[in-house]
Amino acid sequence: MTRSREQVVSADGTSPWPALWALVIGFFMILVDATIVTVATPALLTSLDADVNSVVWVTSAYLLAYVVPLLVTGRLGDRFGPKRVYLCGLAVFTLASLWCGLTSTVGALIVARVAQGSAPR
């Protein structure tokens, strides 16, 4: 017995699947980014000639910058639309990720991680 698949559409007649995939990919990027520094800690210590406290700040600065603007970005989403804020945040996050990859000092990496964490979501 075969069943027919019903097409899921929203109230305005569009499919919700692209929005779901955009959110899944964005959440995956944030999850990977939040955990990757923990894995890279030994490499950061040696390649950037940093001490443990500086490397801890790389993670802490990101988490602080991630949590603090949540209410503000929610208000921005209400004012300018969630899609526009999400795309702006994705662009800022991507550029800050590139900045993180190109830094050669731990101080610049901390600043880049703050920019990365403060990207609107």
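The values are calculated or read from the model by the stated rules, or taken from the named source; none is laboratory data. This one's a predicted model, so the numbers in the text were calculated from it and none came from an experiment. As a convention, Cβ positions derive from the backbone with ideal geometry for all residues, glycine included, and neighbour counts pool all protein chains shown. Side chains are part of the model used for accessible areas, which takes the heavy atoms of the whole protein and leaves out ligands, DNA and RNA. Shrake-Rupley method; radii C 1.70, N 1.55, O 1.52, S 1.80 Å.
General remarks:
- The listed residues 27, 93, 80, once ranked by accessible area (1.4 Å probe) with the largest placed first, stand as 27, 80, 93.
- Span from the the stretch 11-35 Cα centroid across to the the stretch 73-116 one, whole angstrom: 17
- For peptides 63-71, 14-22, sequence by mean Cβ density within 10 Å, most packed first: 63-71, 14-22
- Computed magnitude of the charge dipole of the chain (debye, nearest 20; Cβ of K, R +1, Cβ of D, E -1): 420
- From the coordinates of this entry, Rg/Rh (Cα atoms, Kirkwood Rh) is computed, and it appears in [x] 1.13; [y] 1.01; [z] 1.20 under the label [x].
- In terms of its C-alpha gyration tensor, the stretch 53-99 comes out oblate, because a/c is 1.5 or above while a/b does not outweigh b/c.
- Accessible-area composition of the stretch 29-121, carbon plus sulfur, in percent [1.4 Å probe]: 73
- Residue-normalised accessible area of the stretch 47-93, expressed per residue, 1.4 Å probe, Å²: 69
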